[in-house]
Structures are given as structure tokens and as C-alpha cells.
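Please treat every number below as a calculation from the coordinates, not as lab data. Being a predicted model, the structure only gives us computed values, none of them experimental. Positions of Cβ are backbone-derived with ideal geometry, glycine not excepted, and every protein chain shown enters the neighbour counts.
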Amino acid sequence: MTTIPAIAGSLNDQQRVVFYAQMSAIQKDEVVGVLLALFLGGFGAHHFYLRRNGLGILYLLFFWTGITAILGVIECFFMPGRVRQYNAEQAALLAASLQSVATGTTAAVSSAPPVTVNCTSCGAPLVAGVRFCSRCGAPVPRN
């Protein structure tokens with residue numbers, strides 16, 4: 001797994017500034033993930049935190065059994081690794097979109113959708129198909 005500084009190292013100075021500004025807005029904290037899994041794991045809060053909504057809903061459906069609470073306690077030990085993986089995936093997606101904007105290529109990056117517009121509220125570059133800005137949370141108008 002690559003680290004965030006390693007991913008940012010492939011960017012120029014201007015891209016790196018934008019990268020770190022946007023990454024600070026979207027990255028998740030390991031301690032929060034562990035605490036959510038430990039105390040609210042029975043309700044799937046730790047899955048919602050990492051945008052795994054399907055698993056979160058599944059935990060909500062079965063929280064009354066108590067099994068999800070036990071799983072939440074067990075999963076709190078795996079949360080730091082999952083949060084690091086989530087952050088690395090977000091960093092790779094963000095770096096790829098910044099590089100595709102800088103080079104003007106959209107087909108060269110197959111793992112990440114190209115950035116097509118900027119947010120009307122904060123000016124942040126947006127990935128195609130998003131409904132909300134990852135920096136400020138403003139809704140993105142549909143075309």
C-alpha cells in the first residue's frame with residue numbers, strides 16, 4: 001500500500017498544494033474509526049464512516065440480534081488498517097484526477113474518472129458524476 005506522501009511526490013508544487021488542501025477535507029481519522037466501531041459498531045456507524053453504506057445498512061437491519069455488536073468490537077482492531085486503506089485510495093484518486101487535469105488527458109487515467117467541472121461554491125475540481133463537493137459539501141448541479 002502506498003502512502004499519501006509517496007502519492008503526492010509525483011505531483012508538481014501547485015498540484016501538491018491543491019492535493020493536500022483537498023486531502024485534508026476528505027481523509028478519515030483512525031481513532032474516530034476505532035471509537036465508532038467500539039461504541040457504535042452494533043449499528044454499523046464505522047461502515048458508514050468509511051462510506052461502506054451497504055454494510056452499514058446490513059448492520060442496522062440486524063443490530064437487535066447482538067451479533068453486530070460483537071462484530072463491531074472485533075472490527076475495532078481492524079479499523080486503523082481500513083482507514084489507512086481508505087485514505088490511500090482517496091489520495092490515489094485525487095492525485096490521478098489532478099494529473100489528468102494538468103496534462104489535459106482524460107483517457108490516460110483508467111482508474112479514476114476525469115475532473116470535468118469546478119465547484120460553484122468553493123472552486124474545487126470535481127470528479128465527473130459526483131452529487132456533492134468533497135471540500136465544501138455544496139450540491140453539484142446536474143447537466
Angle check, please: helix 53-62 long axis (alpha carbons) against the longest principal axis of the chain (alpha carbons), in degrees 0 to 90, nearest 10. 10
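For the residues Ile4, Ile57, what sequence is obtained by ranking on other C-beta atoms within 10 Å, fewest first? List each step's numbers first, then the result.
Details: Ile4 19, Ile57 13.
Ascending number of Cβ neighbours within 10 Å: Ile57, Ile4.
If packing is taken as the mean number of other Cβ atoms within 10 Å per residue, what is the order of 135-142, 43-50, 86-93, 73-80, highest first?
43-50, 86-93, 73-80, 135-142
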Solitary cysteines of the chain, where the nearest other Cys Cβ is not under 4.7 Å: Cys76
Hull volume per residue for region 1-84, using the convex hull of the C-alpha atoms, in Å³ is 88
Applying the gyration tensor rule to the Cα atoms of the chain (axes a ≥ b ≥ c; rounded if a/c under 1.5, else prolate if a/b exceeds b/c, else oblate), the class is prolate
Let me have the relative contact order for the chain, percent, based on Cα pairs under 8 Å that are six or more residues apart. 22
Using a Förster distance of 30 angstrom, determine the FRET efficiency expected from the C-beta separation of Glu89 and Phe62, and round it to 0.05. 0.65
